[in-house]
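See below for the structure under consideration.
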Amino acid sequence: MVARSKRRHLLFIIPAVIALSAVVYFKLYHIDRSRMDIAIGQCASESPDGCYRVTVTLYPIGDFRYMDSQEEMEAYLEENHSEAYVIADLMWDPTVREDGAVVWLAENRKTIFYGRYDGLPSTIAWLNNETVIINGRTLKLPQEVYDYRRTFELPFLK
């Protein structure tokens with residue numbers, strides 16, 4: 001009788017733990033861009049050899065009206081103490097058309113940088129063909145990524 005009772009408890013506890021783990025994962029690590037209504041590009045840069053392109057975009061969170069410029073959005077964010085994120089996307093393997101135009105395809109794309117907007121303009125610098133510095137974070141491409149939510153830096157230790 002005792003073993004049957006333990007099994008019933010386990011059948012309830014295991015799915016509850018799995019469900020809780022999924023909720024924690026999505027709250028902490030999932031980027032839901034469908035809720036990010038407006039995006040304004042801050043900067044873009046290609047690697048010296050032209051194999052990679054990094055595009056940095058500012059995504060305000062919440063309900064915003066359409067804004068025409070990055071300066072207007074930044075002023076609005078500062079005035080209203082609104083939250084926003086800076087997201088950098090990496091693109092690779094561009095297609096070169098017959099007329100010489102370079103086309104960066106969406107299927108060759110991944111998010112490599114995700115941080116809170118701090119009111120400063122975003123910066124991109126290349127150390128070499130495969131190493132980029134985005135807002136002070138060095139990433140070796142195409143493997144490395146940065147997500148501020150996965151770091152455990154304490155502000156008072158800086």
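Being modelled with pLDDT of 85 or more and either among the hydrophobic types (A, V, I, L, M, F, W, C) or outside the structural domain of Y52 (by TED's automatic domain parsing) (or both) is the filter here, so list the residues in the stretch 77-95 that pass it.
Residues satisfying the conditions are V86, I87, A88, L90, M91, W92.
Scan the stretch 60-76 for residues that are among the polar types (S, T, N, Q) and either at pLDDT 80 or above or in a helix (DSSP H, G or I) (or both) and report the count.
1
Looking at T131, T138, T57, T151 in this structure, which one is modelled with pLDDT under 90 and touching a strand residue (DSSP E or B) at 6+ places or on another chain (Cβ under 8 Å)?
T57
Which condition from (1) loosely packed, with under 12 Cβ neighbours inside 10 Å; (2) touching a residue at least 60 places away in the same chain (Cβ under 8 Å) is the one that D99 breaks?
So D99 meets the others, but not (2).
So E144 clears everything in (1) acidic (D, E); (2) over 13 Å from the mean Cα position of the chain (by Cα); (3) assigned to a loop (DSSP other than H, G, I, E, B) except one condition, right? Which one?
Going through the list (1) acidic (D, E); (2) over 13 Å from the mean Cα position of the chain (by Cα); (3) assigned to a loop (DSSP other than H, G, I, E, B), E144 breaks only (2).
Inside the stretch 77-119, can you point out the residues that are assigned to a loop (DSSP other than H, G, I, E, B) and of a type outside the set (D, E)?
Residues satisfying the conditions are H81, S82, P94, R97, G100, A101, W104, L105, A106, N108, Y117, G119.
The values are calculated or read from the model by the stated rules, or taken from the named source; none is laboratory data. Because the structure is a prediction, the values reported are computed rather than measured. When we count neighbours, we look across all protein chains shown, and the Cβ atoms used for this are built from the backbone with ideal geometry, even at glycine.
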